[in-house]
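Structure, as structure tokens:
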Amino acid sequence: MFLSAFLIFLPLLAGFCIKFKNTHYLSYSRKTSEYLIAGILFLLGLNLASLENITQNLGKIGTTVLCFFFVISLLNFLTLSFLDKKISIETTAQRHVLPLSRLVLNTFKPIFYVILGLCTGFLLIVKTAYINEGMEIALYVLLFTIGIDLRANNIRFRDILFNTTGIKIAVYVIISSWLAGGLISVVTDIPVKLALSMSSGFGWYSLTGILIGEHYGPVYGTASFLVELFRELLALTMIPLLIKSRPCTSIGIAGATAMDFTLPLIQTNGGFRCVPVALISGFLLSALVPVLILSITA
């Protein structure tokens, strides 16, 4: 699993090795990124529609999802806001003020693509394997285009690998998520090991759902999948709104996805100086998801 998390850097590195002197080609690369994000979000909705057992035990699944999603998100936000007061991250994206209608459109556009995929998935029968393969291919191409953008903006690769701010964000996310899991275990009948395991997904919905489902059954597996999916949707919604004033919080709530799926959003709204921070934070959280869940459930 650690190797898989590390290999995701390869398309990023390949794109980083390419430098376009012609800005016309660079604009094509950035436009491709936008289309890829929309495509991945659509496939995300398709994947959710194909999830088994979602119509069974809806009450228990819904209660569990709301409890974990609310408590984890709240404690993540509070602790990362404290980190924002201690650490300043330079945001270099354009600072013009968008009209309210445009701001609302940009905020809810990602959710629209997910809903569109979800509705399509209910109408059509699509094999989950094809959906996952499509998402994986699109993600690798997306990371390749991000690498090209990084090179064009003179970001050094060593700034990515040795970024202490990204490490601190990852630590704060882990601690606050575990505090949330412990609190949930105290106030509900969910065992502490299960609560801590479900709090260690950090936004990696597919892997978390699989690992929890294998150890605790399909109900909690489905709940874990949805908790992490909603955390990702929260990040997609909040990053454009918060990253200028709370960059650590914005990167932290993205969790493991800060190194891949939400990275273009962080880059677009926060600027290229946020990218090294997001990459190392997301990489550490991604690498630790299987380690922590399997260690807790053992």
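The values are calculated or read from the model by the stated rules, or taken from the named source; none is laboratory data. Here the structure is a predicted model, which is why all the values come from computation and not from measurement. We place every Cβ from the backbone using ideal geometry, glycine too, and count neighbours over all the protein chains shown. Keep in mind that these areas ignore ligands, DNA and RNA; they rest on the heavy atoms of the full protein, side chains included. Shrake-Rupley method; radii C 1.70, N 1.55, O 1.52, S 1.80 Å.
Quick notes on this one:
- Test: residue in the stretch 14-33 that is touching a Gly at 6+ places or on another chain (Cβ under 7 Å), modelled with pLDDT of 75 or more and surrounded by fewer than 17 Cβ atoms within 10 Å (Cβ to Cβ): yes
- Considering residues of the stretch 84-123 that are outside any helix (DSSP H, G or I) and at pLDDT below 60 only, the residue least open to solvent (accessible area, probe 1.4 Å): Ala93
- Residue check, Gly221 within 20 Å of the chain's Cα centre (by Cα) and at pLDDT below 90: yes
- Taking the stretch 61-78 as the range and being modelled with pLDDT of 95 or more and β-branched (Val, Ile, Thr) as the test, the residues that pass are Val71, Ile72.
- The lone exception for Ser295 - which of (1) surrounded by 24 or more Cβ atoms within 10 Å (Cβ to Cβ); (2) without any contact (Cβ under 8 Å) to a residue 60 or more places away in the chain it fails: (1)
- Identity of the residue in the stretch 280-292, aliphatic (A, V, I, L, M) and open to solvent by 20 Å² or more (accessible area, probe 1.4 Å), that ends up nearest to the chain's Cα centre (by Cα): Leu284
- Counted residues, the stretch 243-276 - those being among the aliphatic types (A, V, I, L, M) and not in a helix (DSSP H, G or I): 1
- Pairs with Cβ under 6 Å, 6+ apart, first in the stretch 79-92 and under 13 Å from Ile169 (Cβ atoms), second open to solvent by 30 Å² or more (accessible area, probe 1.4 Å) and assigned to a loop (DSSP other than H, G, I, E, B): Asp84/Arg246
- Among the residues making up the stretch 199-253, those that are open to solvent by less than 10 Å² (accessible area, probe 1.4 Å), of a type in the set (S, T, N, Q) and more than 25 Å from Leu83 (Cα to Cα) are Thr208, Thr222, Ser224.
- Odd one out for Ile190 among (1) of a type in the set (Val, Ile, Thr); (2) assigned to a helix (DSSP H, G or I); (3) in contact (Cβ under 8 Å) with a residue 40 or more places away in the chain: (2)
- Residue list for the stretch 258-276, restricted to those being open to solvent by 10 Å² or more (accessible area, probe 1.4 Å) and either modelled with pLDDT of 90 or more or of a type in the set (Ser, Thr, Tyr) (or both): Thr268
- Residue in the stretch 183-193 that is of a type in the set (S, T, N, Q) and surrounded by fewer than 24 Cβ atoms within 10 Å (Cβ to Cβ) present: yes
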